[in-house]
Amino acid sequence: MEIRKRIVVKNPEGLHARPATELVKALSEVSSEVYIVYKGMKANAKSILNILSLGVDPGAEVEVIVNGEDAEKAIELVEAILNEDSKD
């Protein structure tokens, strides 16, 4: 099953070191392929270096593409991390 969803990054850190690390860790629990598309670049969301290379700032809109049998769970994990408030 493939799911495509546009998400506005509400996390005040954007998609930089801490949230990117959380995202990679969370996605290790799913078998689906997960990609983030931003400004014409597509990154594997299970790779910290790929995510950081996008340079996604707070308030930016990204497209998340998930393909696999647990796609719904994967999209929920991505959405939760991109939308969370700072834990400070």
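The values are calculated or read from the model by the stated rules, or taken from the named source; none is laboratory data. This one's a predicted model, so the numbers in the text were calculated from it and none came from an experiment. No Cβ is skipped: glycine too gets one built from the backbone with ideal geometry, and neighbour counts run over all protein chains shown.
Annotations for the structure displayed:
- Subset tally (residues that are in contact with a strand residue (DSSP E or B) (Cβ under 9 Å, 6 or more places away or on another chain) and either modelled with pLDDT under 95 or hydroxyl-bearing (S, T, Y) (or both)) for the range 10-30: 1
Yes or no, residue by residue, for (1) touching a residue at least 24 places away in the same chain (Cβ under 8 Å); (2) in contact with a Phe, Trp or Tyr (Cβ under 8 Å, 6 or more places away or on another chain):
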{"site": "R4", "(1), (2)": "yes, no"}
{"site": "G14", "(1), (2)": "yes, no"}
{"site": "S53", "(1), (2)": "no, no"}
{"site": "V62", "(1), (2)": "yes, yes"}
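- Once the range 34-52 is narrowed to residues that are within 23 Å of D70 (Cβ to Cβ) and of a type in the set (A, V, I, L, M, F, W, C), the residue that is surrounded by the most Cβ atoms within 10 Å (Cβ to Cβ) is A45.
- Unmet requirement for E79, which otherwise passes all of (1) in contact with a helix residue (DSSP H, G or I) (Cβ under 9 Å, 6 or more places away or on another chain); (2) in a helix (DSSP H, G or I); (3) within 14 Å of K10 (Cβ to Cβ): (1)
- Residue check for I81: of a type in the set (A, V, I, L, M, F, W, C) and modelled with pLDDT of 95 or more: no
- A74 under 20 Å from E2 (Cβ atoms), at pLDDT 95 or above, in contact with a Ser or Thr (Cβ under 6 Å, 6 or more places away or on another chain) and surrounded by 14 or more Cβ atoms within 10 Å (Cβ to Cβ): yes
- Options K46, K42: the member that is in a loop (DSSP other than H, G, I, E, B) and of a type outside the set (V, I, T): K46
- Every residue from the range 7-64 that is under 15 Å from L77 (Cα atoms) and of a type in the set (D, E): E22, E29, E33, E63
- Residues of the range 6-28 include at least one that is crowded, with 21+ Cβ neighbours inside 10 Å and of a type in the set (G, A, S).
- Within the range 49-76, restricting attention to residues that are assigned to a helix (DSSP H, G or I) and under 13 Å from L23 (Cβ atoms), the residue that is farthest from the chain's Cα centre (by Cα) is L49.
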